[in-house]
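Undergrad: Sharing a structure below in structure tokens format, with a few things to ask.
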Amino acid sequence: VQLQASGGGLVQAGGSLRLSCAASGIIDSINLMGWYRQAPGKERELVAHIFSSGSTRYADSVKGRFTISRDGAKNTAYLQMSSLKPEDTAVYYCKVSTYRNRDYWGQGTQVTVSS
């Protein structure tokens with residue numbers, strides 16, 4: 001099982017980034033794909049997730065700025081981040097949950113927003 005996350009980097013406040021998470025080697029059907037983030041000294045928190053049905057959920061702090069999408073055929077989730085703020089700086093982790101309630105985490109990708 002492998003979750004390959006990419007797309008992080010350094011961007012100025014107000015800029016945009018697009019994260020990708022490609023899942024491979026998962027035998028069970030994927031129910032949920034999502035992104036979490038963890039800033040230094042803080043707990044990991046949900047950013048957004050998307051169900052296989054297309055239903056989405058966002059943290060209040062990113063609503064209207066971030067958009068999660070999913071390509072079911074490719075088992076890939078995307079997080080389009082716009083109007084980035086310095087407080088969005090964190091390591092972003094991809095998470096996949098299957099219908100058999102198995103969870104898998106990606107290795108994390110750093111997002112740094114400069115003011």
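Undergrad: Separation between the Asp103 and Ala13 pseudo-spin-labels, each 7 Å from Cα along Cα→Cβ, expressed in nm?
TA: Simple spin-label model gives 3.3 nm for this pair.
Undergrad: Return, ordered by residue number, the residues of the stretch 1-20 whose backbone nitrogen is under 17 Å from a label point located 7 Å along Cα→Cβ of Glu45.
TA: In the stretch 1-20, the label zone of Glu45 (backbone N under 17 Å from the point 7 Å along Cα→Cβ) covers no residue.
Undergrad: Summing Lys, Arg as +1 and Asp, Glu as -1, what charge do residues with Cβ under 14 Å from the Cβ of Tyr36 carry, Tyr36 excluded?
TA: Values: positive: Arg37, Lys42, Arg44, Arg57, Lys95; negative: Glu43, Glu45, Asp88, Asp103.
Combined, the nearby Lys, Arg, Asp and Glu give +1.
Undergrad: If you take the charge dipole of the chain about its Cα centre, with +1 on Lys and Arg Cβ and -1 on Asp and Glu Cβ, which of Ala73, Val111, Ala23 is farthest toward its positive end?
TA: Checking the options against the dipole of the chain, the answer is Ala73.
Undergrad: When only C-alpha pairs under 8 Å and at least 6 residues apart count, what is the relative contact order of the chain, in percent?
TA: Numbers: 284 pairs, mean separation 42.0, N = 115.
RCO, the chain: 37 percent.
Undergrad: From the C-alpha gyration tensor of the chain, pull out the three semi-axes of the equivalent ellipsoid (sqrt of 5λ each), sorted largest to smallest, in whole Å.
TA: Taking √(5λ) for each eigenvalue gives 24, 14, 12 Å, largest first.
Undergrad: With the full set of protein chains in place, find how many percent of the accessible area of the stretch 18-115 is carbon and sulfur; take the probe as 1.4 Å. Display every interim value, and only then the final one.
TA: Details: 2300 of 5140 Å².
After summing per-atom areas, the C and S share lands at 45 percent.
The values are calculated or read from the model by the stated rules, or taken from the named source; none is laboratory data. Computed from a predicted structure; not experimentally measured. Every residue, glycine among them, receives a Cβ derived from its backbone with ideal geometry; neighbour counts consider all protein chains shown. Remember, those area values only see protein heavy atoms, side chains included, never the ligands or the DNA or RNA. Shrake-Rupley method; radii C 1.70, N 1.55, O 1.52, S 1.80 Å.
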